[in-house]
Amino acid sequence: MRESMPVSWNQRHRLGQTLEDAEGGVFNPHHATLPMAFTGPLDLAAMNRAWHALQRRHPVLLSGFDLDAMVWHIGLADPVDLQQLATTGTEDADVAALRAACAAPFDLERGPMARLLVMGRPDEETYFAFVAEHLVSDGWSLNVLMRDLSALYAAERDGSGLELPPAQMTFPDFVRRQNRMMDSPDGKQALERLAARLSGVGAIPVMPISGFSGHSPVRYEAKDGFSRRLPLDVCQSLGTVARPLRMTALNLMHAALHHSLFTLSGSESVATTLSTANRELPELHQTTGWLASKAVLTSEPGSRPDADDFLRHFRRRMLATLDDGHVPWPALIDRMDPDAVGRQSRVPYVTFNARPLGMRKTVGTVQMPGVRSRPLPISVGWHDASIATFWVEDEDGVTATVNFKTDWYARGDVEALWDGVDALLRTWSTQRR
């Protein structure tokens, strides 16, 4: 079924940034991507039928956008076949080819907004990537989509037939609900409350650290990054510390980031954006769409040298921030700095983006019947923050990935920030049991 409606706040902001980038001859592949390697026989005909069924099940994948009127057309495009890529026979070249195919732009006006890529390789190995434009999918949605694709593939392969239950609340339903909330007295009060609380910080919080170049204009595509691993024993010890404070190990990691930012910025007030899933309602747990948003979290580590005092203060600030997490971040930007809506940020801000283990378990483990799978080291696109941190929890610990703008920071500047985070977490894990 096709329908048209105004774009969401998130879509409006991202589409504006995309148009701004295009004027400068830049393309940011703002795609949600899940790349994997499968070992074992894969029935591509059955996979293609399942892929068609998935696109019909989630018509947001078949969206197109009127970029002038900022109108969203759901179900505009027809389902497309999966794309088969030719192998070169070498692993590095095949990964590079898959990465390039993942990063290719979508036709935003005509759609569709998703592609399925497969590449047959020697010894019954298949490279596979599910790619969706972030305009219609967030990270949580990839798990929902893969769970559905796996079930549909099993049914097509075995000829057993399958009728998946409809989503309780669709992404368009969520957007309509969000817009009604923002137009309501409660929504307007929440927006004013947030604007007042952040009057000295801003909706896009300026957070430079030592080494910040102040270069302008910054090339947003000029980026670098690194990943670090927090082992299971450290994470478990942090969990033990966090529980009496009614926090989690990931909350402590965010607190340590704030403390390291304080040390390297000289600012009494520290602020980061915190990614929120916006899936508190059970009827949204199986919804495909861009439900995630950001909230601005502030703290004052310098005025609280005692660790217990600081962490309790941080928890209070975190809870207050999450209470207003239903307010779309671009709506706050529009309220506080309307010229910044639909533009890449001109100020250096820092993000905290966490993917807890429980988030993945809520929608089930990503598996494809009849094959073994492993992740592929492929990522595309860049964040508009000056320093973007991503924290992915698994059964064996947490992987922290830090991306940064090289026009604003040298690698050593950002590694110093991480060193401060790592040292503090290890201190908390060993001295505060």
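For every residue, the table says whether it meets (1) open to solvent by 10 Å² or more (accessible area, probe 1.4 Å); (2) modelled with pLDDT under 90; (3) touching a helix residue (DSSP H, G or I) at 6+ places or on another chain (Cβ under 8 Å); (4) part of a strand (DSSP E or B).
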position: His258; (1), (2), (3), (4): no, no, yes, no
position: Leu261; (1), (2), (3), (4): no, no, yes, no
position: Leu264; (1), (2), (3), (4): yes, no, yes, no
position: Glu283; (1), (2), (3), (4): yes, no, no, no
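Looking only at residues in segment 210-233 that are within 25 Å of the chain's Cα centre (by Cα) and under 13 Å from Arg426 (Cα atoms), which one is least open to solvent (accessible area, probe 1.4 Å)? Across segment 210-233, the extreme among qualifying residues is Leu230. Scan segment 380-410 for residues that are over 13 Å from the mean Cα position of the chain (by Cα) and at positive phi and the total you get is 1. When residues in segment 92-104 are screened for being out of contact with any Gly (no Cβ under 9 Å at 6 or more places or on another chain) and either of a type in the set (Phe, Trp, Tyr) or surrounded by 14 or more Cβ atoms within 10 Å (Cβ to Cβ) (or both), 8 of them pass.
Taken over segment 134-168, the residue count meeting the criterion of being surrounded by fewer than 19 Cβ atoms within 10 Å (Cβ to Cβ) and either within 21 Å of the chain's Cα centre (by Cα) or under 20 Å from Asn278 (Cα atoms) (or both) is 3.
Given segment 57-140, what strands (runs of 3 or more DSSP E) lie entirely inside it while holding 1 or more residues that are among the aromatic types (Phe, Trp, Tyr)? Break it down into steps so the answer makes sense when it comes.
Working: elements: 64-66, 71-74, 83-85, 114-121, 125-133.
Hits in segment 57-140: 64-66, 71-74, 125-133.
Against the test of being over 21 Å from the mean Cα position of the chain (by Cα) and without any contact (Cβ under 8 Å) to a residue 60 or more places away in the chain, the options Pro338, Pro369 yield a single qualifying residue, Pro338.
Scanning segment 170-217 for residues that are among the β-branched types (Val, Ile, Thr) and assigned to a helix (DSSP H, G or I) yields a count of 1.
Looking at this structure, is Asp81 of a type in the set (Asp, Glu) and free of Cβ contacts under 8 Å to residues at least 40 places away in the same chain? For Asp81, the condition - of a type in the set (Asp, Glu) and free of Cβ contacts under 8 Å to residues at least 40 places away in the same chain - is met. Asn28 satisfies every condition listed in (1) over 30 Å from Arg177 (Cα atoms); (2) out of contact with any Leu (no Cβ under 9 Å at 6 or more places or on another chain) except (1). Restricting to segment 266-278, and then to whatever is open to solvent by less than 10 Å² (accessible area, probe 1.4 Å) and not polar (S, T, N, Q), can you tell me which residue is farthest from Ile387 (Cα to Cα)? So the residue we want is Val270.
Pairs are defined by a Cβ separation below 9 Å, a sequence spacing of at least 6 or placement on different chains, a first member in segment 130-145 that is free of Cβ contacts under 8 Å to residues at least 24 places away in the same chain, and a second member that is part of a loop (DSSP other than H, G, I, E, B) and among the charged types (D, E, K, R); no pair meets this definition.
Just to be sure before I move on: is Leu67 closer than 24 Å to Val7 by Cα, among the aliphatic types (A, V, I, L, M), in contact with a helix residue (DSSP H, G or I) (Cβ under 7 Å, 6 or more places away or on another chain) and crowded, with 21+ Cβ neighbours inside 10 Å in the structure I sent?
Numbers: closer than 24 Å to Val7 by Cα: yes; among the aliphatic types (A, V, I, L, M): yes; in contact with a helix residue (DSSP H, G or I) (Cβ under 7 Å, 6 or more places away or on another chain): yes; crowded, with 21+ Cβ neighbours inside 10 Å: no.
Here the answer is no, as Leu67 does not meet what is asked.
Exactly one residue out of Gln367, Gln431 is modelled with pLDDT under 90, under 20 Å from Val241 (Cα atoms) and not hydroxyl-bearing (Ser, Thr, Tyr): that is Gln431.
Annotation: Pro59 fulfils all but one of (1) in contact with an Asp or Glu (Cβ under 6 Å, 6 or more places away or on another chain); (2) open to solvent by 10 Å² or more (accessible area, probe 1.4 Å); the unmet one is (1).
The values are calculated or read from the model by the stated rules, or taken from the named source; none is laboratory data. Remember, it's a predicted structure, so these values are computed and weren't measured experimentally. No Cβ is skipped: glycine too gets one built from the backbone with ideal geometry, and neighbour counts run over all protein chains shown. The accessibility values were calculated without ligands, DNA or RNA, using every heavy atom of the protein model including side chains. Shrake-Rupley method; radii C 1.70, N 1.55, O 1.52, S 1.80 Å.
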